[in-house]
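A quick write-up on the structure given underneath.
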Amino acid sequence: MGLEQLTATILDEAKKESASAVSAADAERRKMLGEAKAAAEKARMEAEAKTAEFVESQRRERIAWARIEAKRAINEARESVVDGAIEDVFAEMRAFPKSREYPKFLNALVAHGMEELGSPKAVVHVRKEDRKHLNGKNSVKDDLDEWGGCIVESADGSVRVDLTFSALLDQKRELLRKMLYEALFRQDEGANEKGKVKKRSKGAEGKD
């Protein structure tokens, strides 16, 4: 074998080995590129899923917050209406002593106070202008600084029954608030509940 032939053989083998190495390297490159693309696609999908989940979570939080705020605003508005109605009742009570019915009402309060005391004798405290309305033989003191009503006190001063308008209203304030709330808003709440039931029914029909 001559030198030229030996050189040609070596070059041929080198070319074959080079081609084989290049092919293997290219295959490895393609494999790595494919794995990188797959990993990138997986990361993208996971990121999109997390983003969608975050957006949905934010949407639910905003809706929940809006509902809470709306309910708070409605409750505040209702409380304001009830407070206004209570003030109207107070205003009516302040005006009541000027009515023709007041003297009879005042004497009924005194009689109730006497029953509470369980005593035939008592000291009745009233406003100066109410002294003239009283019946009976009880001792009367016109020293009351009130809108109206009376305080019935035992003769020895040990027991007092406070039947002044301010005391009566304080005792009945929460009951009055409850009565006003039910009278003003119970019907609206019932209508709202019926509306919710109808919406749920329509939603169920749509799924069928």
Where Rh denotes the Kirkwood radius from the mean inverse Cα pair distance, what is Rg over Rh for the stretch 99-178?
0.97
Would you pull out the residues with amide H under 5 Å of Arg127's amide H, same chain only if 5 or more places away, H placed 1.01 Å from N?
Leu144
Give the separation of the Cα centroids, the stretch 135-171 to the stretch 66-111, in Å.
22 Å
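Given charges of +1 on the Cβ of Lys and Arg and -1 on the Cβ of Asp and Glu, with all other atoms neutral, how large is the dipole of the stretch 68-166 about its Cα centre, in debye to the nearest 20?
With Lys and Arg at +1 and Asp and Glu at -1, about 460 debye.
Which order do the peptides 72-78, 175-181 take when ranked by the mean count of other beta-carbon atoms within 10 Å per residue, highest first?
Highest to lowest by the protection proxy: 175-181, 72-78.
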Mean separation of Cα contacts under 8 Å, 6 or more apart, over the residue count of the stretch 99-178: relative contact order %:
28 percent
Using the structure shown, list the pairs from Lys121/Lys178; Lys132/Lys178; Lys141/Lys178; Lys128/Lys178; Lys137/Lys178; Lys104/Lys172 with a Cα-Cα distance above 29 Å, or answer none.
Lys121/Lys178; Lys132/Lys178; Lys141/Lys178; Lys128/Lys178; Lys137/Lys178
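Values quoted throughout were computed directly from the atomic coordinates according to the rules given, and no laboratory measurement underlies them. Keep in mind that what you see is a predicted model, and the values were worked out from it rather than measured. Every residue, glycine among them, receives a Cβ derived from its backbone with ideal geometry; neighbour counts consider all protein chains shown.
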